[in-house]
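Visitor: I have a structure I would like to understand better, so I am pasting it below and will then ask my questions one at a time.
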Amino acid sequence: MHTDWERCVRAVQSKDARFDGWFFTAVTTTRIYCRPSCPVVPPKPENMTFYSSAAACQQAGFQPASAAAPTPAPARRSGTSAPTSSPARCG
């Protein structure tokens, strides 16, 4: 599903907003999802799974977090790349 799970986990644990729009974190125990910069306490890594979009999370049966419902991330401009420390794919 992703090529660099550890990098995704680090982004979520540090609430790094640079990753918003690059992937979404789904929590298997609560069946919710949110963006990497979600302000709530991060889930345990073993309960995280990653998707490339909010739609993919919803298709997999996850609901948006009520405390911090994911908002649309700024559109990626053509020719831009993910943050230097971003995963190649998370979803």
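Visitor: Looking at (1) surrounded by fewer than 14 Cβ atoms within 10 Å (Cβ to Cβ); (2) on the phi > 0 side of the Ramachandran plot; (3) of a type outside the set (Phe, Trp, Tyr), which is the one condition that is false for residue 15?
Guide: The one condition residue 15 does not meet is (1).
Visitor: Of all the residues that make up segment 1-27, how many are β-branched (Val, Ile, Thr), closer than 10 Å to residue 50 by Cα and outside any strand (DSSP E or B)? Step through it out loud before you land on a result.
Guide: Restricting attention to segment 1-27, the residues satisfying the condition of being β-branched (Val, Ile, Thr) are 3, 9, 12, 25, 27.
Restricting the remaining residues to those that are closer than 10 Å to residue 50 by Cα gives 9, 25, 27.
Restricting the remaining residues to those that are outside any strand (DSSP E or B) gives 9.
Here the count works out to 1.
Visitor: Just for segment 43-68: of the residues that are modelled with pLDDT of 95 or more and in a loop (DSSP other than H, G, I, E, B), which one is least open to solvent (accessible area, probe 1.4 Å)?
Guide: Per the criteria, the residue is 62.
Visitor: Out of all the residues in segment 18-33, which are out of contact with any strand residue (DSSP E or B) (no Cβ under 6 Å at 6 or more places or on another chain), within 19 Å of residue 60 (Cα to Cα) and surrounded by 15 or more Cβ atoms within 10 Å (Cβ to Cβ)?
Guide: Within segment 18-33, 21, 22, 27 qualify.
The values are calculated or read from the model by the stated rules, or taken from the named source; none is laboratory data. Everything numeric in this text was worked out from a predicted model, so none of it was measured. In this analysis, Cβ positions are derived from the backbone assuming ideal geometry, glycine residues included, and neighbour counts consider all displayed protein chains. In case anyone asks, the SASA skips ligands and DNA or RNA and just uses the protein heavy atoms, side chains included. Shrake-Rupley method; radii C 1.70, N 1.55, O 1.52, S 1.80 Å.
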